[in-house]
Every structure is written in structure tokens, then in C-alpha cells.
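Since the structure comes first, as C-alpha cells, the remarks are kept for the end.
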Amino acid sequence: MRGRFITFEGGEGTGKSTQASALADRLRAHGIAVKLTREPGGSLGAEIIRHVLLSGVAKPLGPEAEAILFAAARDDHVRSTIAPALAKGTWVICDRFIDSTRAYQGELGNVDRRLLSGLERVTIGDLRPDLTLVLDVPVATGLARATKRRGAAQADRFEGEGLAFHEQLRQAYLKLAAAEPDRCVVVDARAPKPKIGSRIWSIVNKRLQPKPANREAASVTP
């Protein structure tokens, strides 16, 4: 039986990585095998491209080139990590996926939708998330969290964008979620982490009804 595929989306500092990890732990405790991964990255080739993208080296090439690089990373990620795990019945939780490209390069970068659709068709085919959780906070809150998280480190390619960029990004995610309510659920991520985690767990139970197929399989390494 194919595993379930859950993605976390949202702007900078919304808590995606934290909540993705918390959900993975809850599912494992429930007896379900889980693979926790991220984009860009999640496989050897994709992690190399991640470094190129987040360093900002590709920014001068324009949003179309960045979209193609993201697609190349996603192709390797899907083939090497996501698809094999799902085929084994493992649940996959991914920190960012196609909606990030749609928001960052599509809505904000004005990349032609035909190009993005073509890249999706080539890289993921019929593979779509069963559930996408869009974590949402006011932009000022998210950026403050991101600044605190990175400490003395330099902001990456996207964290370093201006306030107007991040305001548009938030609206882009809300627009994407509204367009696909059967797949996407917006989660208010301003609450304390445990409360957000409980809300997410409730959504996952309602939407996907997790049931352990094999207790022994739950020991899969994240």
C-alpha cells in the first residue's frame, strides 16, 4: 500500500521544519513508518543544488533559471527519496515542495505558468501531496523568528529579500491554498508550538486517518 505524502509550506519563520519534525515523531509513535525530508534538498544531487540556490549565486540568472534549478533538484529528490519511500508504504513529510516554486518563482518571479506546469509534469508526473499544510504568520513575526534562528549567520537568498517581497509571498501562499482546498489547509502558526502541533495532528487524523500497517516498519530512519 502506498504511503501518504504530506508537505509543509509557508513563508520564512513560520515554523515549517519544527512542525514537520513534530508530526513525524507523532506518526512514528502511532506505529507508522516516516521519511522526513526537505526542499531544495533531500537527496545527494538536490543538496548540491540547494547550496547553489540558497547562496544566491543563481539570483542574477533570473527567476526562470532558478525555477529550472529547483526543478532539477526536485527531479533527483523525487526519484531518489520520495517515490521509493512511498512505494514501500512509508509516509513522507516534506518541508516545502511544488507550492514553494509556484509561490516564489511563479507568483513573485512572474515565471510563465506554462513553464512551471511543464517542469512539474517532467519532475513529479502524477505525484501530488495528499495533504499540504500552509503555516501562516504575520510577516513581521516570521522574519523576527528567522533572524533569531540564524543568529550571526548571513540571511540566505530568500530570507534576505525586503518586507514587500515577504508580504507578497504570504498572500501568494494564501491564494494557492484557497485554490486547492481539498489538498491545502492553512494553519495559524502564531500560537505556542504544542498548540500548533495539536492542530496539525487533528487535521492529519481527519484528512488521512493514519493507521499503522506494520509496527516493525515504524523504525525507518528519518
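The values are calculated or read from the model by the stated rules, or taken from the named source; none is laboratory data. For clarity, every value in this text was computed on a predicted model and none was experimentally measured. All Cβ positions, even for glycine, are placed from backbone atoms using ideal geometry, and neighbour counts span all protein chains on display.
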Is it true that VAL122 is in contact with a Cys (Cβ under 9 Å, 6 or more places away or on another chain) and either of a type in the set (S, T, N, Q) or closer than 23 Å to ARG4 by Cα (or both)?
-> no
Per the list (1) outside any helix (DSSP H, G or I); (2) in contact (Cβ under 8 Å) with a residue 24 or more places away in the chain, residue check on ASP182 breaks on (2)
Just give me the residues in segment 1-26 being more than 22 Å from SER80 (Cβ to Cβ) and buried (at least 21 other Cβ atoms within 10 Å of the Cβ), in sequence order.
-> GLY10, GLY11, GLU12, GLY13, THR14, GLY15, GLN19, LEU23
Which one is nearest to the chain's Cα centre (by Cα), of the residues in segment 108-120 that are surrounded by fewer than 17 Cβ atoms within 10 Å (Cβ to Cβ) and of a type in the set (D, E, K, R)?
-> ARG113
The correct count of residues that are in contact (Cβ under 8 Å) with a residue 40 or more places away in the chain, closer than 30 Å to LEU27 by Cα and in a loop (DSSP other than H, G, I, E, B) in segment 104-128 is 3
Look at THR101 and say whether it is of a type in the set (Val, Ile, Thr) and in contact (Cβ under 8 Å) with a residue 60 or more places away in the chain.
-> no
Odd one out for LYS206 among (1) at positive phi; (2) at pLDDT 95 or above = (1)
Within segment 209-222, the residues that are at pLDDT 50 or above and basic (Lys, Arg) are LYS211
Identify, from the list ILE32, ILE82, the residue that is surrounded by 16 or more Cβ atoms within 10 Å (Cβ to Cβ) and assigned to a loop (DSSP other than H, G, I, E, B).
-> ILE32
Could you grab the pairs with beta carbons closer than 6 Å, sequence gap of 6+ or different chains, first residue in segment 1-30 and hydroxyl-bearing (Ser, Thr, Tyr), second one part of a strand (DSSP E or B)?
-> THR7/CYS94; THR7/THR132; THR14/LEU135; SER17/ASP95
Go through segment 142-178 and give me each residue that's free of Cβ contacts under 8 Å to residues at least 12 places away in the same chain, within 18 Å of ASN110 (Cα to Cα) and either small (Gly, Ala, Ser) or loosely packed, with under 12 Cβ neighbours inside 10 Å (or both).
-> GLY162, ALA164
Any idea which residue in segment 129-141 is surrounded by the most Cβ atoms within 10 Å (Cβ to Cβ), counting only those that are outside any loop (DSSP other than H, G, I, E, B) and either in contact (Cβ under 8 Å) with a residue 60 or more places away in the chain or touching a Phe, Trp or Tyr at 6+ places or on another chain (Cβ under 9 Å) (or both)?
-> LEU133
Of the residues in segment 35-57, those that are among the hydrophobic types (A, V, I, L, M, F, W, C) and either free of Cβ contacts under 8 Å to residues at least 60 places away in the same chain or assigned to a helix (DSSP H, G or I) (or both) come to LEU44, ALA46, ILE48, ILE49, VAL52, LEU53, LEU54, VAL57
Which residue out of THR90, THR101 is within 19 Å of LEU23 (Cβ to Cβ), surrounded by 15 or more Cβ atoms within 10 Å (Cβ to Cβ) and of a type in the set (Ser, Thr, Tyr)?
-> THR90
